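The values are calculated or read from the model by the stated rules, or taken from the named source; none is laboratory data. Bear in mind that the values here come from a model prediction, so they are computed numbers and not experimental data. Reconstructed Cβ throughout: ideal geometry from the backbone, glycine too, with neighbour counts over all protein chains shown.
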Ligand code: NAD
Ligand code: IPM
Ligand code: MN
């Protein structure tokens, strides 16, 4: 049988709780499809900061062993990083989120795919009206290794008379930069995806203000000329934030830069009913990484109540994009659908009409999904 090495990164907060469910599902499907998924846990985020600090070595949110293990594996499954323990805002403090940004950069994961998948059973879990949600089926393609996140950050002690406006105190800046090449590869991916879907690309930018966006728009239009079968719509990001709530069914493929994509995807998750439903795939030219779109949810960590479905649907994306196991992926998606159709919920997707005995904890939801795999 085939063996795949999966580097698993539990991270912080609800991370260890939800990744256990992702592994359960992988193990069940491995058995069924005669594939051995060898999962090996490694440190990232706050957990890595604490461990490296305790070891007395250099403090790091992405220890070199973790990066090596990730590179040596066929895929990476990440849960989440961050938490109140590590929110030191002082200059030079190591933060958990740096570990995540570093692994994305090091693995060359320039594209983050966030499918906004609607489950009929959850339509009433959304804060939006049923009519607004009818026909929603969109994917967000977020640029992942450029823009403000990687343009260079600077914070210095102010010198009187220095910095913007000659102000006293500290001075900080984050640079928003893109090369044409970085834009081209994600927008092109979006057009290829649209071609296999409903043939519409919304390119979201702020071209009325930003030079990076004006370049983004030009690149998008040049690519559009090569795809006569795909319709390109330009949309300003502020309008897009509104349109996602007003008329989300108009979107097919929404492609945008890093920061805009981060914000719009959390917003779009509420179409599905919960941020706990939004999976993602971080793709590049080598080993890919699969991660829920949400964070470590410190407010519910350790209680065993987090929704593991975003993590489990990230496993589904792994099966498709890293292993070409489309049948297994379809089967997993069907199992999740069945469990939701049967009325099983975690707290975040339950409502007043959900009977108490249908509300499951994290592990019980994982078990239900495995059970539904048959
Ligand atoms: P968050 O996504 O962790 O949580 C936002 C809200 O959604 C919270 O109320 C939380 O309880 C809820 N939520 C999130 N996932 C859920 C799930 N699976 N089931 C049920 N409810 C869920 O965002 P935050 O609170 O702004 O950030 C917390 C920490 O997570 C921060 O340190 C942040 O930097 C980090 N973060 C990490 C990632 C990542 O690792 N990919 C992503 C986003 C935020
Ligand atoms: C996400 C997260 C990360 C991001 C943070 C934790 C660095 O919010 O994956 O959406 O902004 O990319
Ligand atoms: Mn985010």
Exercise for the section: Scan (1) at pLDDT below 95; (2) out of contact with any helix residue (DSSP H, G or I) (no Cβ under 6 Å at 6 or more places or on another chain); (3) assigned to a loop (DSSP other than H, G, I, E, B) for the single condition residue 73 breaks and write down its number. Expected result: (1)
Fill in the blank from the handout: Looking across the stretch 261-283 at residues that are part of a helix (DSSP H, G or I) and farther than 19 Å from residue 132 by Cα, the single one that is farthest from ligand 2 (Cβ to nearest atom) is 276
Exercise for the section: Report yes if residue 372 is at pLDDT 95 or above, buried (at least 17 other Cβ atoms within 10 Å of the Cβ) and within 17 Å of residue 125 (Cβ to Cβ), otherwise no. Expected result: no
Fill in the blank from the handout: In the stretch 55-87, anything free of Cβ contacts under 8 Å to residues at least 12 places away in the same chain and within 12 Å of ligand 1 (Cβ to nearest atom) is listed as 87
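Results for (1) away from ligand 3 (no atom under 11 Å from the Cβ); (2) closer than 16 Å to residue 78 by Cβ; (3) surrounded by 17 or more Cβ atoms within 10 Å (Cβ to Cβ), shown as yes or no for each residue.
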{"site": "251", "(1), (2), (3)": "yes, no, yes"}
{"site": "257", "(1), (2), (3)": "yes, no, yes"}
{"site": "260", "(1), (2), (3)": "yes, no, yes"}
{"site": "269", "(1), (2), (3)": "no, no, yes"}
{"site": "274", "(1), (2), (3)": "yes, no, yes"}
{"site": "281", "(1), (2), (3)": "yes, yes, yes"}
{"site": "287", "(1), (2), (3)": "yes, yes, yes"}
{"site": "291", "(1), (2), (3)": "no, yes, yes"}
{"site": "296", "(1), (2), (3)": "yes, yes, yes"}
Fill in the blank from the handout: Out of (1) at pLDDT 95 or above; (2) more than 16 Å from ligand 2 (Cβ to nearest atom); (3) touching a helix residue (DSSP H, G or I) at 6+ places or on another chain (Cβ under 7 Å), the one residue 137 does not meet is (3)
Exercise for the section: Kindly list the number of the only condition in (1) touching a residue at least 24 places away in the same chain (Cβ under 8 Å); (2) farther than 25 Å from residue 316 by Cβ; (3) surrounded by fewer than 20 Cβ atoms within 10 Å (Cβ to Cβ) that fails for residue 154. Expected result: (1)
Exercise for the section: Identify all residues within the stretch 91-116 that are in a loop (DSSP other than H, G, I, E, B) and either in contact with a strand residue (DSSP E or B) (Cβ under 9 Å, 6 or more places away or on another chain) or away from ligand 1 (no atom under 16 Å from the Cβ) (or both); write none if there are none. Expected result: 91, 92, 107, 108, 109, 110
Handout entry: Test: residue in the stretch 20-43 that is more than 20 Å from the chain's Cα centre (by Cα), modelled with pLDDT under 95 and surrounded by fewer than 16 Cβ atoms within 10 Å (Cβ to Cβ)
Key = no
Exercise for the section: Would you mention how many residues in the stretch 348-370 are part of a helix (DSSP H, G or I), touching a residue at least 40 places away in the same chain (Cβ under 8 Å) and under 18 Å from residue 273 (Cβ atoms)? Expected result: 5
Problem - Residue under evaluation residue 298, criteria (1) touching a helix residue (DSSP H, G or I) at 6+ places or on another chain (Cβ under 6 Å); (2) under 30 Å from residue 174 (Cα atoms); (3) more than 9 Å from ligand 1 (Cβ to nearest atom), criterion not met - result: (3)
